[in-house]
1. Go ahead and run the numbers for FRET between residue 489 and residue 460, Cβ-Cβ distance against an R0 of 41 Å, rounding to 0.05.
2. If packing is taken as the mean number of other Cβ atoms within 10 Å per residue, what is the order of 496-504, 215-223, highest first?
3. When the chain is fully extended, how far beyond the present Cα-Cα distance does residue 270 get from residue 322, taking 0.36 nm per residue of separation?
4. Taking the C-alpha atoms of the range 268-363, how large are the radius of gyration and the largest Cα-Cα span, Dmax, in Å?
5. Rounded, prolate or oblate: pick one for the range 311-400, where a ≥ b ≥ c are the square roots of the eigenvalues of its C-alpha gyration tensor, a/c under 1.5 means rounded, and failing that, prolate if a/b is larger than b/c, else oblate.
6. Using 0.36 nm per residue of separation minus the Cα-Cα distance, give me the extension gain between residue 123 and residue 285 in nm, one decimal.
7. Hey, what's the per residue convex hull volume over the C-alpha atoms of the range 214-270, in cubic angstrom?
8. Over all directions, the average projected area of the alpha-carbon convex hull for the range 224-517 comes to how many nm²?
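Throughout, read-outs are computed from the coordinates displayed, never taken from laboratory work. Every value quoted in this text rests on a predicted model; they were computed, and no experiment measured them. No Cβ is skipped: glycine too gets one built from the backbone with ideal geometry, and neighbour counts run over all protein chains shown.
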């Protein structure tokens, strides 16, 4: 197939994928509206509820949208074949041997530890789950963001993780539930599997190494400006931005930033007017320690609720106001809303995924300190994530930036896929980012465990690629992708090691909003 033909196949697939998502949402909404009415309708017409539900389902299935969605599902394999895309997308390369376990969602087994090596086959992956102990491979028909938390964790733990677009193969894998399989990735990118003797699966499951002990920082100040960021008062997220200051070329911008450093949460908790909240917090953390792996989500929710009740001391407000004003950032119109954002970031220490991750790696909760990085939001036309080393092959001469693969130093980007997300987040104002002392430990993917909160909250809006220059303007697309790849090269050179970079393109300008060492890549 010609390059031109392949590109148009990719375009067609992106458009049809978006149409399919819209049709699926329509059908789901139709069911949502009809099914709750089934019981009341049944009473009104003296009909059994099952009969009304069956009738409503037939109404949905008789609609043109449902028929079209079925046709699109059949058309998808044809498009993938003509575009030479194959039926597999490998998110994390490797090999896995174990007993097949079929689950509806990966989240359903989050926090579980399997006694023997296990291969998970699941219909849904949200992207923020913690991979259960003992899992050697994850196979799903669900499309997974390759830079999501679960994808990074899989690559770091050398867990094979792949999406399969062939329903027959997924069905075959599900039919082997309870069997022992051996999975590997073919040179062409397909996942191969074969049954394996039972004794193979009783070998030791992969155990993630416990990171070196975390230093426990103390209180230094209620708020600091970017010029005062250092390793003693803030985490890697803030300090990596500080390392880039004054070293980036003028065409790469950085968002204006200030921070509430380590120890501020503990200082606020110890205030006299927060005495009762501190007592409640101490009791809840004791119950978490006693419950260990059996901790329920309700208990973690109570901890987050306790944090949201904290009152801000006057010194904190005045100190933050001073540094914000000094950096030229607009003070929030409503302080209470900003204070709530700060507390939500602190409270994310007790998200279920974060708690499970710390438990799995043996990180005591009292060793985890949370700072808050406050930045002006870059109102992006496009956002991007760059890995300066190809995360699939480990090739240090290749930069992988979501939709583009590029050789370092070359202006010849290879387009891998067109954008197909159906919903975007839009907003301005401020973003309050988590910046803990437990996110950038050697060999540990802490990114995505803790929350960032925008003020005002972002607006969700449907995306329309019909006239998007990224899709239809070849010249614009090439310039954008080449520049994004160059950003990766520049940042990696300044910081001296492979980087995982988040950036934005806004009104013709490029920004790096945060960067961290790329997980799973050994420094040379």
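1. For residue 489 and residue 460, the calculated efficiency is 0.75.
2. 496-504, 215-223
3. 16.4 nm
4. 15.8, 47
5. Oblate.
6. 54.9 nm
7. Each residue corresponds to 82 Å³ of Cα convex hull volume.
8. Averaged projected hull area, Cα only: 16.4 nm².
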